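Report on the structure given below.
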Amino acid sequence: MGTEVERHETNTKKKKGGAETADLQTEFLFELSAELEKPLEVGPTPHGYRRIAYIKGGSVKGPKLTGEVLPGGGDWPLLRPDGVSELDIRLTCHTEAGQLVYIFGRGIVHMSGEARQRMRRGEAVDPSEYYYRTAAFFETTSEKYGWLNRIVAVGFDSLAPNKITVRVYGIL
């Protein structure tokens with residue numbers, strides 16, 4: 001992964017209620033990789049099938065944020081009756097500058113039942129076989145990273161047995 005900042009824009013402007021909307025612009029912030037503990041199977045609840053996957057540790061590397069993912073965070077996914085998983089992700093990054101950044105997000109994972117079974121057996125499933133997106137938010141007291149408190153980011157994620165990798169883009 002290079003240190004060059006990636007920017008993406010839509011080129012079309014749409015009219016909404018007679019007003020012109022702004023183009024969507026994104027900026028690559030970092031790639032987050034985290035190793036997960038074996039998930040705890042809470043099981044069927046009134047809301048769906050609940051699992052808990054704690055983070056062992058990991059890394060954050062990119063042009064806007066670099067550091068270590070600390071152990072203790074995790075994901076509390078809920079598999080809904082319609083086969084879609086709702087994600088509830090919380091973790092802490094210790095930056096190379098010695099600052100703490102709390103990262104939390106919500107997401108959606110949708111894949112076929114067959115792909116889900118392969119994933120649970122520990123087999124690799126190609127990202128083209130599923131939809132995995134997250135909306136990320138940040139909290140920090142750091143002056144250097146305070147700008148994170150004022151943005152929304154999106155993650156394009158990929159899964160592997162007991163590991164996640166997320167490419168995170170700020171929405172400008």
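Coordinate-derived values only; no laboratory data. For clarity, every value in this text was computed on a predicted model and none was experimentally measured. Please note: Cβ atoms are built from the backbone with ideal geometry, for glycine as well, and neighbour counts cover all protein chains shown.
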Relative to the Cα centre, what is the charge dipole magnitude of the range 14-172, using +1 at the beta carbon of each Lys and Arg, -1 at the beta carbon of each Asp and Glu, and rounding to the nearest 20 debye? 240
Among S142, G62, H110, which residue has its Cα furthest toward the positive end of the charge dipole of the chain, with +1 on Lys/Arg Cβ and -1 on Asp/Glu Cβ? H110
Within the under-10-Å Cβ sphere about T165, not counting T165, Lys/Arg +1 and Asp/Glu -1 give a net charge of 0
Sorted largest first, extent of the chain alpha carbons per principal axis (Å): 46, 44, 31
Of the trypsin sites (Lys or Arg not before Pro) in the range 119-172, which ones lie in a loop per DSSP and count no more than 11 other C-beta atoms within 10 Å? R121
Mind listing the phi-derived Karplus ³J(HN,Hα) values for the range 61-76, rounded to whole Hz, using 6.51, -1.76 and 1.60 with θ = phi - 60°, and x for any glycine or proline? 9, x, x, 10, 7, 9, x, 10, 7, 7, x, x, x, x, 10, 10
Local electrostatic count, S59, Cβ distance below 14 Å [Lys/Arg +1, Asp/Glu -1]: 0
Over the range 113-172, what is the relative contact order in percent, taking alpha-carbon pairs closer than 8 angstrom and at least six residues apart? 31
Please state the relative contact order of the chain as a whole percent: Cα pairs under 8 Å, 6+ residues apart? 20
